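Peer 1: Following this message is one structure expressed as structure tokens.
The values are calculated or read from the model by the stated rules, or taken from the named source; none is laboratory data. The shown structure was predicted, so the numbers you read here are calculated from the model rather than taken from an experiment. Here the Cβ positions follow ideal geometry from the backbone for every residue, glycine too, while neighbour counts run over all protein chains shown.
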Amino acid sequence: MDIINIEKALTASMAAILGLEVDKTIFRGSLPANKRDAIGILINAANRGNGPTSLAFTAQILGRYTSRDNALAMLDKIDTALPFYGDEIAGDGATARLSIIKIGSGGIYPTIHDGKNIYGLSFNLRISVM
């Protein structure tokens, strides 16, 4: 299963887990520059190892919110929903099982976007595909 299909499946799984809509409130890859009150999820590293183990990746959720309360609420929603084990995904004629695990804790931070004060959200993940 290739990394592009895995990232697509990861986005769809997180959308279902969090009750979000793909390409409206959750995006594969980076969050579009014109979007607020949404998150982007991207695989940022592959770690396949040197043995016959599952595929492993690190990923990151990045969000941009106009309201600190909404950023905190999404942070809590992600933290509560994970870890997640078990979505069956398909791609390249194969099926596999996707697991999404937190790495440390997520956070929010004040920042400026398009000249306006907003709140960023960041959460690091480990993705396993077996």
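This table checks each residue for (1) more than 21 Å from residue 88 (Cα to Cα); (2) surrounded by fewer than 17 Cβ atoms within 10 Å (Cβ to Cβ); (3) of a type outside the set (Asp, Glu).
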| site | (1), (2), (3) |
| --- | --- |
| 7 | no, no, no |
| 10 | no, no, yes |
| 15 | no, no, yes |
| 19 | no, yes, yes |
| 33 | yes, yes, yes |
| 43 | no, no, yes |
| 48 | no, yes, yes |
| 59 | no, no, yes |
| 63 | yes, no, yes |
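Peer 1: Can you work out which of the residues in region 44-85 that are in a strand (DSSP E or B) and modelled with pLDDT of 95 or more is farthest from residue 1 (Cα to Cα)?
Peer 2: Residue satisfying both the conditions and the ranking: 65.
Peer 1: Taking interchain pairs and intrachain pairs at least six residues apart, which have beta carbon atoms under 9 angstrom, with the first residue in region 35-48 and closer than 18 Å to residue 16 by Cα and the second at pLDDT 95 or above and among the basic types (Lys, Arg)?
Peer 2: Qualifying pairs under 9 Å: 37/64; 38/24; 38/64; 39/64; 40/28; 40/64; 41/28; 42/28.
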